[in-house]
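Have a look at the structure below, then the notes.
The values are calculated or read from the model by the stated rules, or taken from the named source; none is laboratory data. These numbers come from a predicted model, not from an experiment. Heads up, the Cβs are rebuilt from the backbone with ideal geometry, glycines too, and the neighbour counts pull from every protein chain shown. Ligands, DNA and RNA are stripped out before the accessible areas are found, and what is left, the full protein with its side chains, is counted by its heavy atoms. Shrake-Rupley method; radii C 1.70, N 1.55, O 1.52, S 1.80 Å.
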Amino acid sequence: MQYIGYIWISAILLIINGESKTNLLIIILSIGYLTYKTRRFILFWLVVLCAFNTLLIKEVPEMPAHTIIEVIDIKEGYVVGKSDKQKLYIYNIDNVSFHDVIRFEGSYEKIHSYQNLHTFSFMQYANQEGAYYQAYANDFTVLAKSNSLKANMYTWISRQDSPAKVYFLNTLYNQKQEMMEMTFLSGFHIYLLVSLLTKYTKLHKWPTILVCSSVALVFFPLRFYMLSLCVRAAIECLFPKLEKAYKIHAWAFLLLCYDPNYLYHLGYVISISLATISIFNIEKRSRLYLTCLVLIPIHLYFFHEVNIFAILCFSWIQYLNTLMFIVSLVGLIIPQIFTLVDYLLQIQALVSNLKIEQLTIYGFPHVLWLITWIYLVLCMISYRKKKYVVYLAILLIIQHQIQYILPYGEVMFIDVGQGDTIFIREPFYGKTMLIDVAGHVKRDVANEVIYPVLKSKGIRKIDVVAISHDDYDHSGGLDTLKELIPIDAVVRSGNIQLDQLYFTNLNEQPTSLDENEKSMVLFAHIYGFNYLFTGDAGLEVEDKIIQRYRQLDIDILKVSHHGSNSGTGSNFLSVIQPHLAIISSGYNNTYNHPHDEVIENLKKQRSHIFNTQTHGSIHFYFIKNFQLVRTATQEFGIITKE
C-alpha cells in the first residue's frame, strides 16, 4: 500500500503524455523503482525484455538520395558509411580511413542474403546494426580526408608489417567477424589485463578500467566490449557502496537503453550471464563448473555446437587469449618480436580449433530445452543437490542425440541462392538425405550455407546424397561437403531406398544429350503426401513422364530449373495438378527466374507458390497424415488431405 501514490503518479503521467517511447520509459522506470523497493527482479526483467523487444521493431527507412557518405567503420570487403542519418554498406572501397568523406559511383539496393532458419543471416545482422541498403561502387573519390585520432590510429596499424597487424584488425576493428573470440566480445582481455596491472601497482581496478575503456572509445571504433566495460566501471566508481546485484542490473539495463539490439548480442549475453554468476555466494571451484553450465546453452544458441573440452578449458583459453593480446600489443611497438607473435598466433589457432568429436554436441536448442536447462541450473544453485547434475547430463544426451529422437520428419528446401539443395530427414532414428548440393563460383555455399544448416539440426552424417545432374548449381558443393561431414553414399541414377521412404526415378533412361534433360526426377510418397523433385528437367522429359504416368497426382512440386520456362509446362501441370509449388531461385538472378510464363501456369492450376528468394528456406514437417509448412520469413500453414 505504501507505493500506491507512486503508481498513481505514473498512471497520470502516462495519460498526459502521448509519446509512446516516453510512456515506455515511464513504465520501465516505475517498475525499476518498485523492484528496488521490493527486490522482485524477475518482474522487472520480464517487463524490460518485453519492452526492448518492441523497440527492435523498426520501419525500413527510405533509400538515400545521394552517394556522398562518411566512413564510420571499415570491415573486410566493405565499409560502413553514414548518409541521411542511416548506415550503408558500400563495397569495392579501399584505402580509406575513419571519418573520410567520399563520393562513389553506383546505385543502392536493399541488403539481401540467404535466409535459413536458425542460421546466421547477414541481412538480419545488418538490419540489427541499422543498415538496410548497400551499394557496389564502380569508382569513388575521397572528398575530405580525416585527421581524427581514430583515422590516424587505423592508418598506423594498417601500415605495420607484423603478424600483429592482422590480429588487431580482427580484435579491435572486427574486420573478420567469424574470428572474434568470446574473450574479446566480452572484454575479458581488458578486464584481466587491468586486474593484473592493479594487482602489482597502487592503481585501483575500476577507475583504471574506466580510463582505459574511455581512451579506447576515443582511439578505436565503438565496440560492445569497450562500451560495456566503460559503463560497468562508471557504475562501480559512482556507486561503490551499492549492492553488487543492483550494479549488475543497472549495467545490463543501461546497455539495452543505449542499443536494444544488444539483447541478442553474443558479448552482452556472455558478459551479463557470467556477471550474474558472481552474485551467488558459491565457492571458486563450484563457480568454475557453473560457468561451464552457463556457457553450454549460449554456445548451442549462437554457434549450434558446443565443444565440451573447450568449455572445460574456458578459463585457460581466456588467459591464453589475453596473453596473445598483450604480446601482440608489444609486437606493434617492437616489431623485432614478430616471431614470438606468429608462434603464439599458431598456438591460439590450434587451441581454438581443437575439438574432440565425441565430446561435441550439435544442434540449435529448442526453446523448451533452453528453459529446462536454465531451470535446472537455478535449482542446482539454490538446493545444491546432485540429482540436478544428473538431470542436466540427461539433457545433454538428449541434445547430442536429437537427430534420432525427433518424432517427426522434415523436407527442407534450403535457400542456396541460384541452385538446388533439399534436405530430407526421416523421423525416429531414420536416415538423412540430400537432393543436390549447390555450388557457386563466388561463394563457398557448402561451407557457408549448407553445412551450418545441417549443424543447426544436429546432423552428424548424411546417409544418401542424390545428384540430379552435374550442373554446378546442383553438384558444385559436393566435394567441399564431403570434407565437412561424412556421406555414406552418392547416387546419380536409379531409385533410392531409405528406412521408411522410397524415391522412384521417373526419368530412368534419358536419351537426350542435354545435361538438364538427364536430370533425375524423383517421386516419393511421404506420409500421405506425394512429392516430385524435378531437378532441371525440361518439357521433353515432362511429356514423357505424363505419357507413362497418366494418373500422377502431386501434392508438393519442386519446380524445374528454378522456374525457367524450359520446363513446368501447362500440359504437365494439368496432369499432376500440384497443390504447392516450390521454386529455388536466387535473389535478383541474371536469368530473371522464375519466368512469368511459369508463374501463370502455376496460378492457372491454383497452386500455392513458395520461392526461396522471397520466403527463404521452406520446411515441411510430417507425421502420419499431417504436414506443417513453415518458411524462414515466419509463414506457417497446415496441409491436410481433402
- line: Residues of the stretch 281-297 being within 15 Å of Leu395 (Cβ to Cβ) and either open to solvent by 30 Å² or more (accessible area, probe 1.4 Å) or out of contact with any strand residue (DSSP E or B) (no Cβ under 6 Å at 6 or more places or on another chain) (or both), in sequence order, are Cys292, Leu293, Val294, Leu295, Pro297
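Return yes when Leu368 is over 19 Å from Thr291 (Cα atoms), open to solvent by less than 20 Å² (accessible area, probe 1.4 Å) and out of contact with any His (no Cβ under 8 Å at 6 or more places or on another chain) and no when it is not.
no
Scan the stretch 298-315 residue by residue and report those that are of a type outside the set (Val, Ile, Thr), in a helix (DSSP H, G or I) and in contact with a Ser or Thr (Cβ under 9 Å, 6 or more places away or on another chain).
Those that are of a type outside the set (Val, Ile, Thr), in a helix (DSSP H, G or I) and in contact with a Ser or Thr (Cβ under 9 Å, 6 or more places away or on another chain): Phe309, Ala310, Phe314, Ser315.
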- prompt: Counting only residues that are outside any helix (DSSP H, G or I) and open to solvent by less than 40 Å² (accessible area, probe 1.4 Å), how many does the stretch 264-279 have?
  reply: 1
message: Take the conditions under 20 Å from the mean Cα position of the chain (by Cα), outside the structural domain of Ser271 (by the TED database) and in contact (Cβ under 8 Å) with a residue 60 or more places away in the chain and apply them to Tyr362. Does it pass?
response: yes
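Can you give me the number of residues within the stretch 579-596 that are surrounded by 14 or more Cβ atoms within 10 Å (Cβ to Cβ) and either among the basic types (Lys, Arg) or part of a helix (DSSP H, G or I) (or both)?
Taking the stretch 579-596 first, the residues surrounded by 14 or more Cβ atoms within 10 Å (Cβ to Cβ) are 579-587, 589, 593-595.
Next, only the ones that are either among the basic types (Lys, Arg) or part of a helix (DSSP H, G or I) (or both) stay: none.
Qualifying residue count, the stretch 579-596: 0.
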- request: Sort out which residues of the stretch 148-167 are in a helix (DSSP H, G or I), in contact with a Leu (Cβ under 7 Å, 6 or more places away or on another chain) and among the small types (Gly, Ala, Ser), and write them in order of number.
  value: Ala164
- line: Counted residues in the stretch 254-263 being within 24 Å of the chain's Cα centre (by Cα), modelled with pLDDT of 80 or more and surrounded by 15 or more Cβ atoms within 10 Å (Cβ to Cβ) come to 5
- prompt: Pick from the stretch 601-629 the residues that are open to solvent by 50 Å² or more (accessible area, probe 1.4 Å) and not in a loop (DSSP other than H, G, I, E, B): which of them is nearest to Pro578 (Cα to Cα)?
  reply: His608
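Looking at Ile576, Ile638, which is the one that is under 24 Å from Gly528 (Cα atoms) and open to solvent by less than 50 Å² (accessible area, probe 1.4 Å)? First the steps, then the outcome.
Values: Ile638 fails: open to solvent by less than 50 Å² (accessible area, probe 1.4 Å).
Just one listed residue meets the conditions, Ile576.
How many residues are in contact with a helix residue (DSSP H, G or I) (Cβ under 9 Å, 6 or more places away or on another chain) and open to solvent by 60 Å² or more (accessible area, probe 1.4 Å) if we restrict to the stretch 494-507? Explain how you work it out, then say what you get.
Residues of the stretch 494-507 that are in contact with a helix residue (DSSP H, G or I) (Cβ under 9 Å, 6 or more places away or on another chain), as a first pass: 506-507.
Next cut, open to solvent by 60 Å² or more (accessible area, probe 1.4 Å) only: none.
Final tally of qualifying residues: 0.
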- request: Would you be able to tell me the number of residues in the stretch 374-395 that are at pLDDT 90 or above and open to solvent by less than 70 Å² (accessible area, probe 1.4 Å)?
  value: 3
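May I ask you to verify whether Ser214 is open to solvent by less than 50 Å² (accessible area, probe 1.4 Å), over 26 Å from the mean Cα position of the chain (by Cα) and either closer than 20 Å to Met324 by Cβ or at pLDDT below 85 (or both)?
Working: open to solvent by less than 50 Å² (accessible area, probe 1.4 Å): yes; over 26 Å from the mean Cα position of the chain (by Cα): yes; either closer than 20 Å to Met324 by Cβ or at pLDDT below 85 (or both): no.
The answer is no for Ser214.
Taking the condition modelled with pLDDT of 85 or more and out of contact with any Asp or Glu (no Cβ under 9 Å at 6 or more places or on another chain), does Ile57 pass? Quick ask: steps written out before the conclusion?
Details: modelled with pLDDT of 85 or more: no; out of contact with any Asp or Glu (no Cβ under 9 Å at 6 or more places or on another chain): yes.
For Ile57, the condition - modelled with pLDDT of 85 or more and out of contact with any Asp or Glu (no Cβ under 9 Å at 6 or more places or on another chain) - is not met.
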message: If Ala250 meets every condition in (1) within 27 Å of the chain's Cα centre (by Cα); (2) surrounded by 15 or more Cβ atoms within 10 Å (Cβ to Cβ) apart from one, which number is that one?
response: (1)
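Which residues, taken from the stretch 68-113, are assigned to a loop (DSSP other than H, G, I, E, B) and open to solvent by 40 Å² or more (accessible area, probe 1.4 Å)? Please lay out each step first, then the result.
Kept after step one, since they are assigned to a loop (DSSP other than H, G, I, E, B), are these residues of the stretch 68-113: 75-77, 84-85, 92-100, 106-107, 111-113.
Within the stretch 68-113, Glu76, Gly77, Asp84, Lys85, Asn92, Asp94, Asn95, His99, Ser107, His112 qualify.
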message: Tell me yes or no: at least one residue of the stretch 534-548 is charged (D, E, K, R), outside any helix (DSSP H, G or I), open to solvent by less than 50 Å² (accessible area, probe 1.4 Å) and modelled with pLDDT of 95 or more.
response: no
- line: Sole miss for Leu242 among (1) assigned to a helix (DSSP H, G or I); (2) surrounded by fewer than 19 Cβ atoms within 10 Å (Cβ to Cβ); (3) assigned by the TED database to the domain that holds Leu197 is condition (1)
